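Following: one structure in structure tokens, then a few remarks.
The values are calculated or read from the model by the stated rules, or taken from the named source; none is laboratory data. Note that the structure is a prediction, hence the values are computed from the model and not measured. We place every Cβ from the backbone using ideal geometry, glycine too, and count neighbours over all the protein chains shown.
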Amino acid sequence: MNNQESLIPKHGGYRRLKSFQIAQLVYDVTVRFCDRYIDRRSRTHDQMVQAARSGVQNIAEGSIASGTSKKTELKLTNVARASLEELRLDYEDFLRQRGLPQFEPEHPTLQRFKAKRCATLDDVRAWVEEELNMMKHGQAWTAARINTDTQTSTDRRNLSVSAGGSPCVSVDASVLVANAALSLLNLCCYLLDRQIARQAEDFENEGGFTERLYRVRTARRKNKYKEKKA
């Protein structure tokens, strides 16, 4: 009896999922980013925040629902993936529409960000501060000029830099944060793609609650029959 399949298997545990942890960090980063760089009265502000929140909430909800419905788990995980894809496009639009650079994955700035393995919003903020200080002192960047006409606060500091031989562009904290968010989203979407593929495979091989209920009932009937014969 101890080896019998459980009707409701272990489920939840979403806080240990790497995809959930990264999605939660993206949510925290997005809330702060939108409050600083997107008009709070605009639909874009609300949509970006809601898309980030949807990613987190649906991963969690899908994990909890998996106890009784693998189909629901798969559906909600896919909703989370779609929400984060929408958010990724919003960050790309932010950079493109303002003529700001979107860094390639091998860009030194993103390489330093990835090496940092940020786990909290404070970690991301510390990385941004480090990058701005490096730019200010001409380290790892080709600084054409430092704009001293603007305010000196970290999030308003601008530098015109040349990246990889391209024309000089203005890089400030918003550019760094947007590219960091895109890097996190790329990783999170990759993990969710793998998660969805595994969930689909499990669902195909093992079925859902109905199939599990049938197997549990069948096993119990067989055990009762054996006990009567004994």
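Residues in segment 81-139 that are closer than 18 Å to Y27 by Cα, hydroxyl-bearing (S, T, Y) and surrounded by 17 or more Cβ atoms within 10 Å (Cβ to Cβ): S83, Y91.
When you check L100 against the structure, is it within 19 Å of A181 (Cβ to Cβ), in contact (Cβ under 8 Å) with a residue 24 or more places away in the chain and not in a helix (DSSP H, G or I), yes or no? Yes; evaluated as a whole, the condition is true for this residue.
T72 falls short on exactly one of the conditions (1) assigned to a helix (DSSP H, G or I); (2) buried (at least 19 other Cβ atoms within 10 Å of the Cβ); (3) touching a Ser or Thr at 6+ places or on another chain (Cβ under 8 Å), and that condition is (2). Test A119 against the stated conditions and say whether it is under 24 Å from I196 (Cα atoms) and not in a helix (DSSP H, G or I). In short, yes. Residues of segment 33-69 that are over 21 Å from S174 (Cβ atoms) and part of a loop (DSSP other than H, G, I, E, B): S66, G67, T68, S69. Of the residues V26, V56, which single one is β-branched (V, I, T), buried (at least 19 other Cβ atoms within 10 Å of the Cβ), touching a Cys at 6+ places or on another chain (Cβ under 9 Å) and under 26 Å from D122 (Cβ atoms)? Going through V26, V56 in turn, the sole match is V26. Out of R32, R40, one residue alone is modelled with pLDDT of 95 or more and among the basic types (K, R). It is R32.
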